[in-house]
Amino acid sequence: MSYSADFEKALQVGRPPTIKGLFPNSKALIVSGKVIDRAMIAKGKAIALAANGRNYFVIRGVLAAAQRANAPVIIEIAKSEGGQKAYCATNYWNMARIVDALCNELGITVPVAIHADHYGIKNASDLAAAKVEVPSMFEAGITSIAIDASHQPDDLNLLANLEINPFIPAWAGLETEVGEIKGKEGLSTIPEAKFLIQGLNAHEIFPDWIALNNGTTHGLEASDAGIQVDLTSDIHHALAPYRISGAQHGTSGNSSERLREIAQKTATTKANVATALQMISWGLEVNDYGNAQLDANGNFIKVKGEGMTEELWAEMVAYAESKGWKKGDYKSLNLPFENKFLAQPREIRERMAKRVETFAYKIMTEVLNAQDTAPLAIAAILAAGSHDVGPKGELIEDPSYWTKEQIIERAKAIAGHKGPEGNFED
C-alpha cells in the first residue's frame, strides 16, 4: 500500500528508540502516549479510546476501528490483566509485538500507543520490584504507563510516584492516579489531587493524565451513580495551571450520554474500556452502557451466531461453574481459553474481531469525538521533529517546600475518606 509523505516522515522520527530497536523494518506508527493526548487537545473536547486488549480479537478489532475512524488509539493492559500474575494471555511484554504485527498486517496508519495501565504500587515491596520490572516493560515496547499508588495514603502515593519516575523514559506518556476505583465510596477531592500534582510539579515531573475516583466502577452492571461529571470538572479546573488531562477509568458501566458529557465538560483525553470489549468479542449481549445483559436466571446471554461458537461458550461456562466463579470472575477465563479462541475457524475469528470493530468505531465517532484526529497526532510529531513531544507543564511549585519530610507533614492536613478496604484492581 502507499503511505503519505507525512506518515513516512512521522514513521522515521516519531517512533521511540525502543520501538525502532524492536521493529526496525516496521510500518507501524507506535508512539508515546503523549502524542495521543496532544491530538485530543488539538481537536478539543475529544477523548482517545484506550482499549484493554484482554484478547487478540479485542486488539485486532480496535485497531481496525481506529483506522476507519482515522483516530489514534491506545492499546493497554493493566497489571492484574497482564502483569506477572496475569489473567490474560496479552501482557506487558508481548502487547507491543501483537500490535506491531497487526498494524503491519492490516495496514494501520494511525498512531498507536502501548500503555501499561494500572501499574499498581501498594507497598515498599512493590516499589522495589517496580524498579526492575518497569524498565523491562519499556524494553519490551511499552510507550506509556499509569503509575497507580492510589491504594496508599496521599504522602506515600506521591513519594512512590517520585521514586519510580527515574525508571520511566522522559519521552513516555505518564499517568498518575488519586483515589482507587471504588464507585461512590472514597471519591477523590480537589485537595488530594492538587497535593499529588503539585508535589510532582515541584520535582519537575509533569504527568500527561490524572485518573480519579470520580464515581465510576469496574463491573458488569449499570448504576445510577456512575461517573460524577461535575466532580471531575471541578478537579480538572483546579488543576488547570498544571496543564494535565484526565484519564477516565471504568468507562464500561456508563451510558454514551454520560461519556459525551465527560468529553464536553472536562479535560479528559483518555477513556479506558475493558470489560465491554471483552464481552462483545465473546458474543455476549450488551447494552448501551457496555454491560453484559443477564437473562431471567441471572446468566449471560450469548447471541447465537455472534462471537465465539456456541460450543466453546458452553465449555467456558462449564469451566467457570466448576471453579465456583461468579459473573465478575469470568474475566479470568481469558488466559485458559485464549488458544481455544485462536483455534476456531477463520469465519468465527473474523466475526469476533468485527463485532469489536463495530462497537469501538461507534464509541470513537459518536461518543468520544475522536474521529479524524490521526493527522493531529502526526502533526504533533512533525512539529517536535522527534518521538519526544515534550511536557505540557512547567515548573510552578517551589521545590524547597516539597521535601520528603514536608510531604509527610503536609499530607496530614488533607481531609478525605479513602473508602472501604479491599482489592479494587481490574
Task: Debye, to nearest 20: dipole size of segment 5-388, +1 on Lys, Arg Cβ, -1 on Asp, Glu Cβ - done: 740
Task: Cα lying deepest toward the dipole's positive end in the chain, options Ser252, Ser281, Ile407, charges on Cβ - done: Ser281
Task: Sequence ranges 54-64, 241-251, ranked by mean other-Cβ count within 10 angstrom, highest first - done: 54-64, 241-251
Open item on the list: Net charge around Ala202, counting only other residues with Cβ within less than 13 Å of its Cβ (Lys, Arg = +1; Asp, Glu = -1)?
Closed with: -1
Open item on the list: I want to verify a result. In a Gaussian network model of the chain, Cα cutoff 10 Å, which of these has the top mean-square fluctuation: Val31, Val286, Val132?
Closed with: Val132
- [ ] Would you please calculate the Kirkwood hydrodynamic radius of segment 39-155 over all C-alpha pairs and express it in Å, rounded to one decimal?
- [x] 15.0
TODO: Quick one: go through segment 86-112 and flag any residue whose amide nitrogen is under 17 Å from the point 7 Å out along the Cα-to-Cβ line of Glu350.
DONE: 105-107
Task: Top positive-direction residue, dipole computed over segment 5-388 with Cβ charges, set Thr365, Leu174, Gly290 - done: Thr365
Open item on the list: Going by amide H atoms built from the backbone, whose H comes under 5 Å of the H on Thr268, apart from near neighbours?
Closed with: Gly246
- [ ] May I ask what percent, to the nearest 5, of DSSP beta bridges between residues of the chain are antiparallel?
- [x] 10
TODO: With a/c under 1.5 counting as rounded, go ahead and sort segment 285-426 into rounded, prolate or oblate using the C-alpha gyration tensor (a ≥ b ≥ c being the square roots of the eigenvalues; past the cut-off, prolate if a/b is larger than b/c, else oblate).
DONE: oblate
- [ ] Go ahead and run the numbers for FRET between Asp234 and Lys326, Cβ-Cβ distance against an R0 of 25 Å, rounding to 0.05.
- [x] 0.10
- [ ] Sort segment 5-388 into rounded, prolate or oblate with this rule: let a ≥ b ≥ c be the square roots of the eigenvalues of the Cα gyration tensor; rounded if a/c is under 1.5, and if a/c is not under 1.5, prolate when a/b is larger than b/c, oblate otherwise.
- [x] rounded
- [ ] Could you tally the net charge around Pro391, taking each other residue with its Cβ under 13 Å from the Cβ of Pro391, Lys/Arg +1 and Asp/Glu -1?
- [x] -1
TODO: With a point put 7 Å past each Cα toward its Cβ, work out how far Ala379 is from Lys392 in nm, to one decimal.
DONE: 1.6
Task: Net charge contributed by nearby residues that have their C-beta within less than 10 Å of Ile244 (K/R +1, D/E -1) - done: -1
Task: Added length on full extension, which subtracts the Cα-Cα distance from 0.36 nm per residue, Asp6 to Glu310 - done: 104.9 nm
- [ ] Averaging over all projection directions, find the projected area of the Cα convex hull of segment 109-201 and quote it in nm² with one decimal place.
- [x] 7.0
TODO: Step through the residues of segment 241-254 one at a time and calculate ³J(HN,Hα) from phi using the Karplus curve (6.51 cos²θ - 1.76 cosθ + 1.60, θ = phi - 60°), rounding each to whole Hz and writing x for Gly and Pro.
DONE: x, 8, 6, 10, 8, x, 10, 9, 8, x, 5, 4, x, 10
Task: Value of [θ]222 nm, deg cm²/dmol, for the chain, DSSP H segments ≥ 4, -39500 (n - 2.57) each, nearest 500 - done: -13000 deg cm²/dmol
Open item on the list: As an exercise, use a Förster radius of 45 Å and the Cβ-Cβ distance of Arg97 and Asp295 to find the FRET efficiency, rounded to the nearest 0.05.
Closed with: 0.70
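Read-outs throughout are calculated quantities, based only on the coordinates presented, and are distinct from any laboratory measurement. As the structure is a computational prediction, the values presented were derived from the model and not from experiment. A quick note on method: Cβ atoms are made from the backbone with ideal geometry, for glycine too, and the neighbour counts reach across all protein chains shown.
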